[in-house]
Amino acid sequence: MSSSPDVILETRGLTKEFKGFVAVDDVNLRVRRGSIHALIGPNGAGKTTCFNLLTQFLRPTRGSILFRGDDITHERPEKIARRGVVRSFQISSVFPNLTVLENVRIALQRATGQSFHFWRSERVLDRLNGRAMQLLEQVDLQSFADAVTVELPYGRKRALEIATTLATEPELMLLDEPTQGMGHEDVARVTALIKRVAVGRTVLMVEHNMSVVAGISDRITVLARGAVLAEGPYQEVSANPLVREAYMGSTEGELEGIGH
């Protein structure tokens, strides 16, 4: 059975066991093209393990992964990245002692297959500056182009990581806890940024901040003990008694605010 053309990523019976412990249990996930899809759940639910399976940093025990209808279950991570599936934040081209512009330029070199052409002249590399500045404008970092990355505030570093990811022209972006550890102002900025860069792309994100999930997600999948507990739009999922119980240990109250 082939995937629907509007489904860009699909898992079928995806399972990962560690010496008898089932971390991901028969997960069937369908991410629609052009959507922002959130993967949520309490601690230990299997969200990060699921991400690691999708990018082949872990091999599944059973099940299959399809991208644009092609089975990528056994492909190497670098081949999956070349297909346009790029995981942000944990794998980025951010170098703390280089400027913001230089970081994006290095990411552009990688995208053109010239990552290790260190002998190229500055004049040749300067040809990438125009595109690098365009990317910085997309993430509101144009005024920080000459700043040394280590001196950036935390939220701005996350924005830079998004810029370096965009340099690879991803079709599907996997964002792992994009607002983790941020203050309210940075959360609002990065949330707006994700919504902006998602135009024309597909985003699958793991996120604990429920206000972020509620504000930008088209669809939510809830994991609990490695299995899918519920799926649907935020209003439907947040009203599900099983979801509230998984998060709170009771069916009373609202899901709103969990994860802050």
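Summary table below
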read-out: Index of the failed condition, GLU207 passing every other in (1) open to solvent by 10 Å² or more (accessible area, probe 1.4 Å); (2) touching a helix residue (DSSP H, G or I) at 6+ places or on another chain (Cβ under 6 Å); value: (1)
read-out: Every residue from region 14-28 that is on the phi > 0 side of the Ramachandran plot and out of contact with any Lys or Arg (no Cβ under 9 Å at 6 or more places or on another chain); value: LYS19, GLY20
read-out: Contacts under 6 angstrom Cβ, first residue in region 18-35 being in contact (Cβ under 8 Å) with a residue 40 or more places away in the chain, partner in a loop (DSSP other than H, G, I, E, B) and open to solvent by less than 50 Å² (accessible area, probe 1.4 Å), 6 or more apart; value: VAL22/GLY226; ALA23/GLY46; ALA23/GLY226; VAL24/GLY46; VAL24/GLY226; ASP25/GLY226
read-out: Strands (runs of 3 or more DSSP E) enclosed by region 21-124 - at least 3 residues per element that are modelled with pLDDT of 95 or more; value: 21-32, 36-40, 62-67
read-out: Residue under evaluation ILE162, criteria (1) surrounded by fewer than 22 Cβ atoms within 10 Å (Cβ to Cβ); (2) at pLDDT 90 or above, criterion not met; value: (1)
read-out: Criterion: at pLDDT 90 or above and either crowded, with 19+ Cβ neighbours inside 10 Å or closer than 23 Å to ARG32 by Cβ (or both) - qualifying residue of ARG244, ARG201; value: ARG201
read-out: Subset of region 13-36 that is charged (D, E, K, R) and within 20 Å of ILE220 (Cβ to Cβ) - its residue that is least open to solvent (accessible area, probe 1.4 Å); value: ASP25
read-out: Sole exception among (1) at pLDDT below 90; (2) more than 25 Å from ASN43 (Cα to Cα) for GLU171, by number; value: (1)
read-out: Some residue of region 144-158 being modelled with pLDDT under 95 and closer than 30 Å to ILE65 by Cα; value: yes
read-out: Number of the exception - ILE65 against (1) among the β-branched types (Val, Ile, Thr); (2) touching a residue at least 60 places away in the same chain (Cβ under 8 Å); (3) crowded, with 20+ Cβ neighbours inside 10 Å; value: (2)
read-out: Selection count, region 177-197, where residues are under 25 Å from ARG68 (Cα atoms) and open to solvent by 10 Å² or more (accessible area, probe 1.4 Å); value: 3
read-out: Candidates ARG225, ARG219 - the one that is under 18 Å from the mean Cα position of the chain (by Cα), among the charged types (D, E, K, R) and open to solvent by 20 Å² or more (accessible area, probe 1.4 Å); value: ARG219
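The values are calculated or read from the model by the stated rules, or taken from the named source; none is laboratory data. Keep in mind the model is a prediction, meaning the values are calculated, not measured. Cβ sites come from the backbone with ideal geometry, for glycine too, and all protein chains shown count toward neighbours. To get the accessible areas, we keep the full protein, side chains included, count just its heavy atoms, and leave off ligands, DNA and RNA. Shrake-Rupley method; radii C 1.70, N 1.55, O 1.52, S 1.80 Å.
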